[in-house]
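Visitor: Quick one: structure below, then a few questions.
Read the figures in this text as sums done on the coordinates, not as results from a lab. Predicted model only: the values in this text are computed from it and were never measured. All Cβ positions, even for glycine, are placed from backbone atoms using ideal geometry, and neighbour counts span all protein chains on display.
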Amino acid sequence: MKKIFLLIIFFFITFLNAQSYEEKTIILQELLKDKKYCEAHKIFEQILNNENRNPYDFYYGAISSVNCNKPTQALDWLEMAVQKGLGSTKEEVDYLSNDKNFSKIFSDSKWNNLVSVMKEKLKEKELREEKLNADWLKSISNNRVKNKTDQPNAGFALYTNNVDSIKVPYLVLIPKSYSSKKPSRVIIYLHGGVVSTENFTHNNYQIQQEPIFSLADEYNAIILYPFGKKDFGWVNQERAFENVLSIVKEVEKKYSINKKEIYLGGMSNGGSATFWFATNHSNLFKGFYAFSADPKLKIEEINFSKIKKPFYMLNTKDDNVFKFEEVESIYLKEHNKNWHLESLEKGNHGFIYQENGTEIMKKLLDKLIME
């Protein structure tokens with residue numbers, strides 16, 4: 001009987017060793033859910049030998065350890081998790097500081113030290129972020145110009161447009177090769193996430209990492225980036241749609257642009273909003289593009305027959321926000337020769353933010369611009 005038991009254990013361990021990291025994480029999820037902590041701990045011992053694991057692997061490993069009466073191992077893994085960035089937000093630090101999963105080691109000096117380290121790292125990060133945001137705002141404010149006679153710096157400039165009582169910000173990115181003597185094409189980009197954005201995000205320096213900005217020099221194009229938010233965005237408020245048109249007119253006064261080469265598009269909510277411009281103001285633009293968009297509008301029904309200019313759209317088949325089957329069914333039903341729907345097998349809703357996202361964006365925009 002003992003031999004049979006040992007043989008079963010041998011095959012179980014061999015089976016686990018043969019599994020991929022992804023397969024093991026699925027097993028771990030079930031074990032932790034069922035509170036089989038010691039079984040989970042054995043698997044964590046295997047996968048946490050790899051230093052490339054993320055901080056949450058070490059965090060959940062620590063949960064399995066402390067509940068399997070291995071407090072020293074739990075603290076070691078928590079220390080590794082903190083070193084890898086666990087506690088990078090205030091919400092996370094507050095939660096972890098009182099996480100009842102670790103109540104057995106609350107009195108341990110090493111636990112208290114780890115909490116202190118997390119709080120100190122967070123404070124240092126917040127100070128760095130504040131300085132970066134302040135420097136960003138100063139830079140984009142200083143780069144503003146008043147009219148076409150001013151020579152703009154290459155880079156970002158911040159402007160605002162007054163709409164009723166709201167000051168709506170927008171960014172203008174000037175390419176390095178810009179010349180007032182040679183009008184530049186313009187690419188307008190409407191960002192996504194409008195329905196969940198409480199405030200305009202122009203004061204966050206990280207906005208400059210948007211993939212669309214990396215294509216300014218590639219196309220020698222001015223990138224125009226309006227900001228939207230939940231209560232003033234291109235989903236439910238027509239004034240927000242109209243404001244984009246007003247911004248274009250303001251930019252025309254300040255920079256030398258080619259009015260025959262203005263393109264408009266966006267991602268998610270911004271991509272959906274593109275249909276409003278394509279069907280209501282097609283004459284103002286040379287073409288349109290959209291990523292991860294839903295061909296529906298909340299402010300009006302889309303008359304697809306009014307799409308008179310090239311419109312290139314790219315969605316993934318595994319999009320978990322806008323189901324590809326539903327998007328494709330509308331596309332096939334409407335069948336407008338100017339509207340081109342393309343697809344990727346994988347990448348989900350935010351595929352443009354993945355490693356090859358910019359390259360994918362460029363391939364689609366190449367088709368639009370070269371048409």
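Visitor: Can you tell which of 110, 229, 286 shows the greatest fluctuation in a Gaussian network model of the chain with Cα springs below 10 Å?
Guide: Taking springs between Cα atoms under 10 Å, the residue moving most is 110.
Visitor: Separate question: Would you mind getting the Kirkwood hydrodynamic radius of the range 145-207 from its Cα pairs, rounded to one decimal in Å?
Guide: So the Kirkwood estimate lands at 14.0 Å.
Visitor: Round to the nearest 10 and give me the degree value, 0 to 90, for the angle of helix 37-47's Cα axis relative to the longest principal axis of the chain.
Guide: For 37-47 against the chain, the angle is about 60 degrees.
Visitor: Short version: ³J(HN,Hα) in whole Hz for each residue of the range 351-360, in order, from phi by Karplus 6.51 cos²θ - 1.76 cosθ + 1.60 (θ = phi - 60°), x for Gly and Pro, what are they?
Guide: Listing the rounded values in order: 4, 5, 9, 7, 3, 9, x, 5, 4, 5 Hz.
Visitor: Placing one identical point scatterer on every Cα of the range 120-227 and ignoring solvent, what is log10 I(q)/I(0) from the Debye formula at q = 0.10, 0.15, 0.22 Å⁻¹?
Guide: -0.33, -0.71, -1.30
Visitor: Taking the alpha-carbon distance from residue 36 and a cut-off under 28 Å, which lysines remain once sequence neighbours fewer than 8 residues away in the same chain are dropped?
Guide: 2, 3, 24, 70, 84, 100, 104, 110
Visitor: Starting from the Kirkwood radius over alpha-carbon pairs of the range 236-293, derive D by Stokes-Einstein at 4 °C in a medium of 1.567 mPa s and give it in µm² s⁻¹.
Guide: Value of D from the Cα-based Kirkwood radius: 109 µm²/s.
Visitor: Next question, about the same structure. Taking the Cα atoms of the chain, what is the range of coordinates along each of the three principal axes, in descending order and whole Å?
Guide: Cα extents, longest axis first: 83, 49, 36 Å.
Visitor: While we're here: Hey, if you put +1 on the Cβ of every Lys and Arg and -1 on every Asp and Glu Cβ in the chain, which of 193, 118, 302 ends up farthest toward the positive end of that dipole?
Guide: Value computed over the given set: 302.
Visitor: Would you kindly calculate the translational diffusion coefficient of the range 216-371, applying Stokes-Einstein with the Kirkwood radius from alpha carbon pairs, for 4 °C and a viscosity of 1.567 mPa s, and quote it in µm² s⁻¹ without decimals?
Guide: Once the numbers are plugged in, D ends up at 81 µm²/s.
Visitor: Top mean-square fluctuation among 280, 153, 49, Gaussian network model of the chain, C-alpha springs under 10 Å?
Guide: 49
Visitor: Moving on to the next point. Rounded to a whole number, what is D in µm²/s for the range 23-88 from Stokes-Einstein with the Kirkwood radius over alpha-carbon pairs (20 °C, 1.002 mPa s)?
Guide: 187 µm²/s
Visitor: Just add up the charged neighbours of residue 279: K/R +1, D/E -1, any other residue whose Cβ is under 12 Å from the Cβ of residue 279. Write out the running numbers ahead of the final one.
Guide: Details: positive: 306, 308, 309; negative: 300, 301, 334.
With Lys, Arg at +1 and Asp, Glu at -1, the net is 0.
Visitor: Quick one: dipole size for the chain, taken about the Cα centre, charges +1 on Lys/Arg Cβ and -1 on Asp/Glu Cβ, in debye to the nearest 20.
Guide: Approximately 840 debye in magnitude.
Visitor: What angle do you read, to the nearest 10 degrees and between 0 and 90, between the alpha-carbon axis of helix 109-142 and the longest principal axis of the chain?
Guide: The angle comes out near 10 degrees.
Visitor: If one takes the longest principal axis of the Cα atoms in the chain, at what angle in degrees, from 0 to 90 and to the nearest 10, does the Cα axis of helix 2-18 lie?
Guide: 20 degrees
Visitor: Run the dipole for the range 237-371 about the Cα centre, Lys and Arg Cβ at +1, Asp and Glu Cβ at -1, nothing else charged, and hand back the magnitude in debye, nearest 20.
Guide: That gives a dipole near 600 debye.
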